[in-house]
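S.K.: Below is a structure I'd like to ask you about.
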Amino acid sequence: MLNPFQVKVSDEKLEYIKTRVKQYPWNNIEMPDDGGWLYGTNMDYLKEICDYWVNEYDWRQWEAKINKFSHFKAPVDGVDVHFIMEKGSGSSPTPLLISHGWPGSIVEFLDIIEPLAHPERFGGNEEDAFDVIAPSLPGFGFSGRPSRPMGPRKMAQIFNKLMTQTLGYKNYLAQGGDWGSVVSNWLGYDHAPSCMAIHVNCAGMRHVDGPQTPEEIAWQKKLERDQIMEDGYRTQQATKPQTLGYAMADSPVGVAAWILEKFQTWSDTDGDDIESAHSKDTLLTNIMVYIVTGTFNTASWVYFGRREEGEGLLGPDGTRGLEGCGRVLGADGRRVEVPTACALFPAEMLPWPPRSYCERMYNITQWTEMSHGGHFAALEDGDLLVDDIRAFARTLK
């Protein structure tokens with residue numbers, strides 16, 4: 001059953017958030033003189049964006065932008081799933097499920113939904129149109145929370161039911177980055193042929209056999225070195241997410257600091273200039289989705305859920321691989337056999353394995369090495385992402 005939905009945050013809640021930001025005890029926080037972003041979120045920038053948040057940021061403007069699209073909620077497997085649905089132009093648009101990750105939200109897709117659904121409005125061809133379905137992951141944003149932590153494989157099951165049973169699509173294309181890429185992987189693995197193909201812009205999975213060639217082994221070693229300074233949040237959210245949730249429940253500034261660090265580190269920025277990739281408004285709107293819905297806590301559960309889903313699936317060397325990188329594929333001798341498109345953005349914080357490694361996991365029919373861009377592809381380089389999705393979809397017709 002589809003229930004129409006609109007985002008509407010009360011004036012009282014907005015005023016409360018603004019008041020909490022104003023009252024943040026900056027005098028209790030110190031930053032090393034050589035701090036920058038090395039130790040975490042830069043305090044000077046956090047103060048700057050908080051000042052903008054209080055004095056200039058307009059949630060109502062962004063709320064209207066969000067509500068420009070048709071929103072619905074539907075119960076699926078005990079979760080009230082929220083999603084945007086933008087019907088495409090023409091007589092036969094391709095159904096497209098696009099999934100975000102953490103610490104993202106549907107805000108990532110606000111500028112690409114219309115070009116995907118109505119390409120003719122942007123100088124493209126109507127034949128490339130999609131029916132765009134953009135859900136909030138269970139526990140994230142405007143979706144309901146699961147009863148306990150849920151991993152991406154279960155989320156894929158829910159999204160497949162949303163697409164096939166609730167919305168009645170015979171088949172569809174799945175796209176995603178971050179956790180959305182892992183969800184898309186499982187859609188292609190577990191739910192073909194309903195999921196007829198996947199397009200991913202993040203290497204979210206690992207193969208059970210691990211690296212094989214010298215090039216693959218070098219990639220693995222570099223990845224492990226590079227991720228040492230990124231593993232803190234993964235470990236916390238995969239083991240004790242509830243404790244972190246208490247700290248964030250009444251601290252909009254704390255939520256902002258936790259999320260901003262990832263957008264600065266994971267984006268294709270000019271040095272440490274986070275705004276070379278994202279505007280203050282975009283950053284704050286994504287942060288606000290977590291705050292106004294009170295979902296910082298339940299969104300972090302996905303890391304715990306993934307760890308449980310991966311329990312007991314060990315590689316031949318007895319290692320589990322990086323936490324937060326998705327469960328490994330290949331344990332039953334299978335790979336994702338539906339056509340797969342891989343979009344490689346150079347500043348992706350989880351660098352892609354060599355193609356030889358990926359070929360053991362996917363039936364790769366499109367491999368695009370982008371000229372620029374990072375982890376949040378839809379926000380940073382939406383045009384490149386849209387063009388790549390369109391090109392891939394043409395090969396499926």
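S.K.: Just to check your reading of the model, which residue among F159, F142 is crowded, with 24+ Cβ neighbours inside 10 Å, among the hydrophobic types (A, V, I, L, M, F, W, C) and touching a strand residue (DSSP E or B) at 6+ places or on another chain (Cβ under 8 Å)?
M.R.: Unique residue meeting the criteria: F159.
S.K.: Of everything in the stretch 50-93, what is on the phi < 0 side of the Ramachandran plot and touching an Asp or Glu at 6+ places or on another chain (Cβ under 6 Å)? Give them in sequence order.
M.R.: Result: F69, K73, K87, G88, S89, P93.
S.K.: Tally the residues that are out of contact with any Asp or Glu (no Cβ under 6 Å at 6 or more places or on another chain), among the hydrophobic types (A, V, I, L, M, F, W, C), over 19 Å from P193 (Cβ atoms) and surrounded by 15 or more Cβ atoms within 10 Å (Cβ to Cβ), restricting the search to the stretch 327-372.
M.R.: Number satisfying all stated conditions: 9.
S.K.: Grab the helices (runs of 4 or more DSSP H) fully contained in the stretch 199-307, keeping just those with 3 or more residues being aliphatic (A, V, I, L, M).
M.R.: Numbers: elements: 214-226, 231-239, 241-248, 252-266, 280-293.
Those helices (runs of 4 or more DSSP H) span 214-226, 241-248, 252-266, 280-293.
S.K.: Name every residue in the stretch 351-364 that is more than 19 Å from the chain's Cα centre (by Cα), under 30 Å from N286 (Cβ atoms) and not hydrophobic (A, V, I, L, M, F, W, C), in order of residue number. Full working, then the answer.
M.R.: Let us first name the residues in the stretch 351-364 that are more than 19 Å from the chain's Cα centre (by Cα), namely 353-364.
Subset that is under 30 Å from N286 (Cβ atoms): 353, 358, 361-362.
Hits for the stretch 351-364 are P353, Y362.
S.K.: Within the stretch 32-55, can you find the residues that are of a type outside the set (V, I, T) and touching a residue at least 60 places away in the same chain (Cβ under 8 Å)?
M.R.: Once the filter is applied, which keeps residues that are of a type outside the set (V, I, T) and touching a residue at least 60 places away in the same chain (Cβ under 8 Å), the stretch 32-55 yields G36, W37, G40, N42, Y45, L46, C50, Y52, W53.
S.K.: Counting only residues that are assigned to a helix (DSSP H, G or I) and in contact with a Pro (Cβ under 9 Å, 6 or more places away or on another chain), how many does the stretch 137-179 have?
M.R.: 8
S.K.: (1) without any contact (Cβ under 8 Å) to a residue 12 or more places away in the chain; (2) of a type in the set (V, I, T); (3) over 30 Å from P138 (Cα atoms): which one isn't true of I29, the others all being true?
M.R.: Unmet condition: (1).
S.K.: Picking from T285, T293, which residue would you name as being within 16 Å of K262 (Cβ to Cβ) and at pLDDT 90 or above?
M.R.: Going through T285, T293 in turn, just one is within 16 Å of K262 (Cβ to Cβ) and at pLDDT 90 or above: T285.
S.K.: Which of the residues belonging to the stretch 365-385 are within 14 Å of the chain's Cα centre (by Cα) and either assigned to a loop (DSSP other than H, G, I, E, B) or among the β-branched types (V, I, T) (or both)?
M.R.: Across the stretch 365-385, the qualifying residues are G374, H375, F376.
S.K.: Name the helices (runs of 4 or more DSSP H) wholly inside the stretch 1-92 in which the number of residues that are among the acidic types (D, E) is 3 or more.
M.R.: Qualifying helices (runs of 4 or more DSSP H): 11-22, 43-55.
S.K.: Right, here's the next one. Which condition does V79 not pass, out of (1) surrounded by fewer than 20 Cβ atoms within 10 Å (Cβ to Cβ); (2) touching a Gly at 6+ places or on another chain (Cβ under 7 Å), if it passes all the others?
M.R.: The one condition V79 does not meet is (1).
S.K.: Which one is nearest to E309 (Cα to Cα), of the residues in the stretch 184-198 that are without any contact (Cβ under 8 Å) to a residue 40 or more places away in the chain and outside any loop (DSSP other than H, G, I, E, B)?
M.R.: That would be W186.
S.K.: Let me ask something else about it. List, please: which pairs have Cβ atoms under 8 Å, are six or more places apart or on different chains, and start with a residue in the stretch 95-122 that is free of Cβ contacts under 8 Å to residues at least 40 places away in the same chain and under 20 Å from K397 (Cβ atoms) and end with one that is of a type in the set (G, A, S) and crowded, with 24+ Cβ neighbours inside 10 Å?
M.R.: Every condition considered, the pairs that remain are A117/A129; H118/A129; E120/A129.
The values are calculated or read from the model by the stated rules, or taken from the named source; none is laboratory data. Everything quoted here is computed from the prediction, not taken from an experiment. Glycine gets a Cβ as well: all are built from the backbone with ideal geometry, and neighbour counts include every protein chain shown.
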